[in-house]
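Just below is one structure, and these are the notes that go with it.
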């Protein structure tokens, strides 16, 4: 079996659960390492450099993060500053950054850096938010106040964020070039915002009715037609919790094992992905590393693992047809 085209990949852990509703995904990066992420990608022929965890900031407020909402917010924003700088620097070096979470608030920083890079080289940025949730709440609409439910709204420029949230992430992404895939839990105010801003939301009913292939082809065709850079933000809770229990906000009825892999395989085949987040893995809630191993397998599909080479399959079909 021929190897996929070799890619220079940098792995960065963002060990933070300050934006989440439940503690535990601070252990996510290490769980993905233990599950063999770097080795699996290396076995596919890629040049993988694990750069360790982006250091957590030292804040003046010494209150425990889970006793101080202000401390938690400051932690998220400080890490966003570091991760945005790292994302841009890695892309400028011609390498593909993979950020290991950590809760989904980390995408504020990673996507801000990716957006800066794309703007600098004049390449359109598209975002594929593979998630059970829209993450399009604002401080005004959120029932919990947890920042991991808000990053996409901030990135798309919603105005309800105060000056504390100022930074390169504010309005970094065009909402019309965002697709939320696999949604099945969206709050009512959030739903209205998503519709008003033109975000493409593909929910589980659409997937059930139309199938993964047709929907993903439409999404990827837009990126390919524009020679765009695709940033994939993969939340473990997009997959059904029966096979991925290590999620802090599980929602029944998610993608099946094969649907999730097919999405990843199609992204790889399109050749459009230039950066990746893997988020919300909570090892404390997982069962014997089940979710971590699944995420590693999904990452392998994203980076070229195949059951059989696509060219071999096509040749086999053509040969069979000719023999009829």
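Read-outs: derived from the displayed coordinates by stated rules, not from any lab. Because the structure is a prediction, the values reported are computed rather than measured. Backbone-built Cβ (ideal geometry, glycine too); neighbour counts: all protein chains shown.
Relative contact order, whole percent, for the range 70-148 stands at 33, derived from Cα pairs under 8 Å and 6 or more residues apart.
From least to most packed, judged by other beta carbons within 10 angstrom and beginning with the fewest, 131, 297, 103 follow the order 297, 131, 103. Go ahead and estimate [θ] at 222 nm for the chain from helices alone: -39,500 (n - 2.57) per DSSP H run with n ≥ 4, summed, over the residue count, rounded to 500. Result for the chain, helices only: -12500 deg cm²/dmol.
Taken over the alpha carbons of the chain as equal point scatterers, the Debye sum produces base-10 log I(q)/I(0) values at 0.09, 0.10 Å⁻¹ of -0.42, -0.52. Within the chain, DSSP assigns beta bridges of which about 5% are antiparallel (rounded to the nearest 5). In plain terms, the residue of 301, 256 with the fewest other Cβ atoms within 10 Å comes first and the most crowded comes last, giving 256, 301. To the nearest 10 degrees, how steep is helix 188-197 against the longest Cα principal axis of the chain, on a 0 to 90 scale? Helix 188-197 and the main axis of the chain meet at about 70 degrees. Working from Cα positions, state the angle (0 to 90°, nearest 10) between the long axis of helix 69-92 and the longest principal axis of the chain. For helix 69-92, the angle is close to 40 degrees. The simple spin-label model puts a point 7 Å past each Cα toward its Cβ; for residue 203 and residue 287 those points are separated by 2.8 nm. Taking 277, 135, 49 in turn, the Gaussian network model of the chain (Cα-Cα springs below 10 Å) assigns the largest fluctuation to 49. Specify the angular offset, from 0 to 90 degrees and rounded to the nearest 10, of the alpha carbon long axis of helix 107-121 from the longest principal axis of the alpha carbons in the chain. For 107-121 against the chain, the angle is about 60 degrees. For the peptides 191-198, 286-293, 244-251, the ranking by mean Cβ contacts within 10 Å, running from highest to lowest, is 244-251, 286-293, 191-198. Modelled spin-label separation between residue 143 and residue 166, with each label point placed 7 Å from Cα along the Cα-to-Cβ direction: 3.4 nm.
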